[in-house]
Amino acid sequence: MAFPFAQRFAEVEASVYRCWDRDDEDHLAGAATRALEECRELLAIDPAECLQWALDSGVALPEQSWSFDFGQPAITVVRNADFRIDLLYWVENATAAHDHITCGAFSAILGDRLHGRYSFVGEQRLGPWIETGQLSKLEFEVMRQGDARPLRPELIHDVFWLSKPSVTLVVRCADHPVTAPKKPRSFWAPGLALVPKSQHDTSLVHRRAEGLSLMRMANQALYEDALRRTFEGDDPCLAYYAFTAAAVTAPEALDDALNSLGNPNAVIPHLVEARPQIVRRSHLGGLYTGDDESRLLVGLLWAEADVQACSDTIAAVFPNEAVGTVVDAAVSALEEVDPDTARETRALFQPAPTAP
């Protein structure tokens, strides 16, 4: 293949090393961000051709472990003693709010995306995997193709991709200096943090959650009884997975279980508070549309952006179009696939009636 992908990724690797001061308190984050900004033109690649290159049997790529379970696919293109460089292809709409355990940087190689950044102040631990607290939005932006952002362990962020596929290049340090090891977490508003079951020390919660899902399909009465007992049980993490699944797939059974609880697990009130976002993001995160206008508006609804942030974002993505024109086009497209979301989109931009 004429396009020298291996050489380009090797140059990105060299650029990170050139930018890196090993005494930097920011460790690799600042250096990796500067390197990706410097390599912006170098990384203006054709992701399809790059995927073809990576699939060639003659290409020797670095090894990847089974625990590297995100991206569709994820391809490690550089690995050395200090950091690795991954290409992440995405065909889904969005990723939940989450944090990281390493530092580095990430760059939008293909496709714009909506990017939210948050802070979390913990209040109470409910077992080893769940913590309650307060999740606050710090920043909302459009990351344009080619933009780079730092990656730090304290970064909590979410992403809604505006094109399919989208591609991200990530530089991650191999050994981030920390006082104590941590596991990555996911977050829900208004204030719930949890370590996903894929990161647990055992598969117990995963297997029990699968069993509940199968029971729902096999025997509704037994499922509803098991749901209630799970919510009154002593495992807040299993209660979380049972609740989030039922909120999307069996809302009436969830309501019945909640109404019959005598002594609920301490996580239940926090899940009830998070339920609107859980349902909303599940629906909008699975809503696929074929035009740029409606995809952007679905993303803005998913991100729960206010009217001003929506207007600013629309103006940034469609600089030559009036905001109202873009909204009209999005509503028209959404009416064909999801009339409820079309109405919600229209209502968001509908001026409030003036008092007589």
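Side notes on the structure shown:
- No other residue among 62, 150 is within 26 Å of residue 176 (Cα to Cα) and either out of contact with any strand residue (DSSP E or B) (no Cβ under 7 Å at 6 or more places or on another chain) or not in a loop (DSSP other than H, G, I, E, B) (or both) apart from 150.
- Of the numbered criteria (1) buried (at least 19 other Cβ atoms within 10 Å of the Cβ); (2) under 29 Å from residue 246 (Cβ atoms), the one residue 162 fails is (2).
- With respect to being crowded, with 19+ Cβ neighbours inside 10 Å and either in contact with a Leu (Cβ under 6 Å, 6 or more places away or on another chain) or not hydroxyl-bearing (Ser, Thr, Tyr) (or both), residue 342 fits the description.
- Region 127-147 - residue that is part of a loop (DSSP other than H, G, I, E, B) and of a type outside the set (S, T, N, Q) and, of those, farthest from residue 42 (Cα to Cα): 127
- Condition met for residue 105 (among the small types (Gly, Ala, Ser) and farther than 23 Å from residue 188 by Cβ): yes
- Some residue of region 43-54 being touching a residue at least 60 places away in the same chain (Cβ under 8 Å) and polar (S, T, N, Q): no
- Yes/no for residue 33 being assigned by TED's automatic domain parsing to the domain that holds residue 135, without any contact (Cβ under 8 Å) to a residue 24 or more places away in the chain and touching a Pro at 6+ places or on another chain (Cβ under 6 Å): no
- Taking the conditions (1) in contact with a Pro (Cβ under 8 Å, 6 or more places away or on another chain); (2) modelled with pLDDT of 95 or more; (3) among the charged types (D, E, K, R) in turn, residue 137 satisfies each one other than (1).
- Listed by position, the helices (runs of 4 or more DSSP H) enclosed by region 260-356 that each have at least 2 residues that are charged (D, E, K, R) and either modelled with pLDDT under 95 or not assigned by TED's automatic domain parsing to the domain that holds residue 159 (or both) are 268-285, 292-302, 323-337, 339-349.
- Selection of region 131-158 for residues being among the acidic types (Asp, Glu) and closer than 15 Å to residue 98 by Cβ yields 131, 154, 158.
- Here 134, 72, 64 are screened, and the one residue that is in contact (Cβ under 8 Å) with a residue 24 or more places away in the chain and closer than 30 Å to residue 10 by Cβ is 72.
- Region 234-287, residues that are surrounded by 14 or more Cβ atoms within 10 Å (Cβ to Cβ) and hydroxyl-bearing (Ser, Thr, Tyr): 240, 241, 244, 282
- Residues satisfying the stated conditions in region 95-112, i.e. more than 23 Å from residue 30 (Cβ to Cβ) and either surrounded by fewer than 19 Cβ atoms within 10 Å (Cβ to Cβ) or not assigned by TED's automatic domain parsing to the domain that holds residue 83 (or both): 95, 96, 111
- Residue match in region 285-300 (condition: of a type in the set (Asp, Glu), out of contact with any Pro (no Cβ under 9 Å at 6 or more places or on another chain) and without any contact (Cβ under 8 Å) to a residue 24 or more places away in the chain): no
- Exactly one residue out of 108, 97 is among the small types (Gly, Ala, Ser), within 17 Å of residue 72 (Cα to Cα) and either in contact with a Ser or Thr (Cβ under 8 Å, 6 or more places away or on another chain) or assigned to a strand (DSSP E or B) (or both): that is 108.
- Residues in region 113-126 include at least one that is in contact (Cβ under 8 Å) with a residue 12 or more places away in the chain, under 23 Å from residue 46 (Cβ atoms) and in the same structural domain as residue 13 (by TED's automatic domain parsing).
- For residue 335, the requirement of being surrounded by fewer than 17 Cβ atoms within 10 Å (Cβ to Cβ), farther than 16 Å from residue 92 by Cα and not basic (Lys, Arg) is met.
- Condition check for residue 225: surrounded by fewer than 16 Cβ atoms within 10 Å (Cβ to Cβ) and either within 28 Å of the chain's Cα centre (by Cα) or of a type in the set (Asp, Glu) (or both): yes
So that you can scan it fast, the table gives a plain yes or no per residue for (1) more than 15 Å from the chain's Cα centre (by Cα); (2) farther than 23 Å from residue 313 by Cβ; (3) not hydroxyl-bearing (Ser, Thr, Tyr):
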position: 62; (1), (2), (3): yes, yes, yes
position: 80; (1), (2), (3): yes, yes, yes
position: 96; (1), (2), (3): no, no, yes
position: 126; (1), (2), (3): yes, yes, yes
position: 138; (1), (2), (3): yes, no, yes
position: 156; (1), (2), (3): no, no, yes
position: 162; (1), (2), (3): no, no, yes
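The values are calculated or read from the model by the stated rules, or taken from the named source; none is laboratory data. As the structure is a prediction and not an experimental result, all values here were calculated from the model. Virtual Cβ from ideal backbone geometry, glycine too; neighbours counted across all protein chains shown.
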